[in-house]
Each structure stands twice: as structure tokens, then as C-alpha cells.
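What follows is a single structure, written as C-alpha cells, with notes after it.
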Amino acid sequence: MKHFIFACLALISLNNFAQNKTIATGEKLIFTAAYNMSGLLTDIAQVKMETSEVKTSKSTLLRLKCTATTYKKWDNFFKIRDLYESYVNPKTLTPYLYKRDINEGGYYKFMQYKFNHKSNTVKSLKRKKRKDGETWDENKVVNIGASTKDFVSTLYHIRNLDIHKASPGDQQSFKVLFDNKETTIVLKYIGKETISTKIGRKECYKLAISIKGSDVLKGKNDNLLWLTADANKVPVYVKFKIPVGNGELKIESATGLKN
Amino acid sequence: MSKKLFIILGFITAIIAVILAVTPLSNLAILPIGVAFVCGLIVFFISKKQNTKTKTIQYIFLLVIISLGLTIYKGVFNAKEVGNTEELEIREEENLEDSKEILEDIEIDEDF
């Protein structure tokens, strides 16, 4: 039975490699991130997820860009200006280049992964700032699995899954490269749920996320993701629990959707 | 004795309320505001019973009013507004230009 389920999941995931049916060019999703402080949810930052087309002389790629910006009143307190981007094949959402350029309360870090899917390696570049403002680079070559993606393209890849074919309790795992390490994220389909959001009352797929062998995400079914149960599978609500508290992400607006 | 306790408690919570109301954590000030207000009321009734006049009640209430006013003002007028993103936009542009250069060298398999 176990092997059968595994075979089914493998088939489903193989199927997903084929086509991008969900992500359009020019899509823009805006979220509000809130953090729970002694029982009160406080809006902290705005999170944007945008897609756009990038043309090179040889090919066309899809740029997946995620930014996080703290609200004005927090800027003096703890200013966050984060940029995560991934350049993927528009047809299959396979990543070729990933960049993480973060600036959190004066802490600066830059990460860049160049994917080589033929040799299953990633050329990684880490850039950090010293206290005197000078930067230093660290280059590395990391071996990855055939299906390993970066953090951003995994988010979009999850949206492109055929969730309507799954039944409650089904699980699928993804390999994600983060901080030069391969981590396994396990996604579990819990069921359908109708929730009200800023973009209307939506029937959603409720999914639970966990990271294997890490305690960054706490609890068993405490990290949840709601994707609209339509062809766009827009993430409308996210609930997370980390060692220093819990929070949520709520959708504010969604424009430029494919279907 | 209990009067003194409530005066101290009321004062401390009222000051915490003012501090919180000034910081971006203004909606956390509601709890100390409530505690300070209740303490103030208790002190008020105790002094009424004892027929003594206590000036501290006024101070506690004054601090409560200040922090409550600030909290309400911030709640109403501080709409969710994103701060200055100019620096981030510049970084976004720089990264895009840099990425285009890098991507020129990367071989992209259309079907993979």
C-alpha cells in the first residue's frame, strides 16, 4: 500500500513537471503579514509576490519576485527590506537563478544560486557585510537532487500542483535549497474549507506544511496554507508558528491572474 | 495599606501604558490602560470611604487619558502604510540587470 501511494505521488509530481497551468505573467499578489504579540495580532509588513517576463537573447524566462517591506511605523524600530527572486522556465517553473537580497534591521545578506540541471549542481554565492560596511563573498558548489528547487519557485510550484486529484491526508515532499543546504518540506492536504478573505468568500484547499528534521516550524498542523480551490490556486491565508511566536499572512489584493 | 498598593500598581501600569502608546506597539497599551484605570477607580473609592483626598488619582487618570488618546489616535489615523521603498526598488532594478547578464550565460533547456 505504501509503495502504491508513493508511486501515485511520484506520478502526480512527474505530471506536474509538464505544464504550468496556474502562474501567469504580470500576476501581482499583495499580503499583509501580522505577528502575534501577547495575544494581539499586529500588522507588521507588506508582502508582495509578483511575476514578470524576462527576455535574454536566447530565451524567455519568468521572474518570480517576492518582497517584504515593514510598515512605516516599524521602520524606526526594525526595518525590513527583503527581496527574494527566482528566474524560472515559464513552462515548467524549473529555476535557473535564485537571488535572496535581504536587509533586516541593518543585517545584510545576499545569496545567489545558479542552477545547472544537467550536472545537478548549484553554484552558490554568499555575500555578507562586515561591520565596517565592506562586503565579503563566499563561493561554493553544492550538489542537489534532480527535483531540488529554491524557496520561491517551490512556493509557485505548490500552486501548480493538481490538488483537486488529491484526497485528504495525501502527502508530498519537496526538496528546497536554503542557506546552501537541502531541506525537505512536507506538504499535507487536509481538506477543503470555505473562508472569507479580502478578495471574497473563497472555497480553499487547506494544506499543512512541515520541515523535516528542523524545528523552525513548530507544531504538527500549526503551519497552514489556504489556496483557493479554483484554477488559480491563489494563496489567500497562511498561518505559521515559529519558536518566537506565531503569525499570519492575509491576502489584500490579487491582480493579473491567469484564469 | 491596600490603598498604597493600588496607587503604586496604578502608577506603574499607567506609565507602562504611556510608554507602549508612544511606541509602534500602541495596541498593546490597552491592557495596562485597563489595569491602571481599574486601580485608579479602586483608589478613588477607598479614599472616598476614608474621606481623604488623594492627588495621585488625578495623575493616574491623566496618564490613562493620554495613553488612551494616543492609542485611539494611532489606531484611527495610522493606516497601514509602507515606508520608503526607494532603496529596495533600486536594489530590485540592480538585481534584474545583473540577473539578465548572468542568465545570458546560462543554457536553458526549454522542456526541462
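Quick notes on this one:
- Annotation: of all residues in the range B:57-72 being open to solvent by 30 Å² or more (accessible area, probe 1.4 Å) and either β-branched (Val, Ile, Thr) or within 26 Å of residue A:48 (Cβ to Cβ) (or both), the one that is farthest from the chain's Cα centre (by Cα) is B:65.
- Meets criteria (under 20 Å from residue B:92 (Cβ atoms), open to solvent by 40 Å² or more (accessible area, probe 1.4 Å), facing chain B (nearest Cβ under 10 Å) and part of a strand (DSSP E or B)) for residue A:114: yes
- Residues in the range A:34-59 that are in contact with a Ser or Thr (Cβ under 9 Å, 6 or more places away or on another chain) and of a type in the set (Gly, Ala, Ser): A:34, A:45, A:52.
- Residue within the range A:165-173 that is at negative phi and in contact with a Ser or Thr (Cβ under 8 Å, 6 or more places away or on another chain) present: yes
- Every condition in (1) open to solvent by 100 Å² or more (accessible area, probe 1.4 Å); (2) in a helix (DSSP H, G or I); (3) of a type outside the set (Gly, Ala, Ser) is met by residue B:107 except one, and the failing one is (2).
- Residues of the range A:213-233 satisfying the condition of being in a loop (DSSP other than H, G, I, E, B) and not aliphatic (A, V, I, L, M): A:213, A:214, A:215, A:218, A:219, A:220, A:221, A:222, A:223, A:230, A:232, A:233
Matching residues to (1) within 17 Å of residue A:152 (Cα to Cα); (2) more than 10 Å from every other protein chain (Cβ to nearest Cβ):
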{"residue": "A:74", "(1), (2)": "no, no"}
{"residue": "A:103", "(1), (2)": "no, no"}
{"residue": "A:106", "(1), (2)": "no, yes"}
{"residue": "A:122", "(1), (2)": "yes, yes"}
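- Of B:81, B:97, all but one fail to be among the charged types (D, E, K, R) and in contact with a Lys or Arg (Cβ under 7 Å, 6 or more places away or on another chain); the exception is B:81.
- Residues in the range A:204-247 that are acidic (Asp, Glu) and out of contact with any Pro (no Cβ under 8 Å at 6 or more places or on another chain): A:222, A:230.
- If you filter the range A:183-207 down to residues that are within 15 Å of the chain's Cα centre (by Cα) and surrounded by fewer than 19 Cβ atoms within 10 Å (Cβ to Cβ), you find that the one that is farthest from residue A:96 (Cα to Cα) is A:186.
- The set of residues in the range B:73-101 being open to solvent by 60 Å² or more (accessible area, probe 1.4 Å), at pLDDT 85 or above and facing chain A (nearest Cβ under 7 Å) consists of B:87, B:100.
- Of all residues in the range B:31-72 being of a type in the set (S, T, N, Q) and part of a helix (DSSP H, G or I), the one that is nearest to residue A:40 (Cα to Cα): B:71
The values are calculated or read from the model by the stated rules, or taken from the named source; none is laboratory data. Quick caveat, the model's predicted, so the values are computed rather than measured. Don't worry about glycine lacking a Cβ; one is built from the backbone with ideal geometry, like all the others, and counts go over all protein chains shown. Protein only, heavy atoms only, side chains kept; ligands, DNA and RNA dropped before computing areas. Shrake-Rupley method; radii C 1.70, N 1.55, O 1.52, S 1.80 Å.
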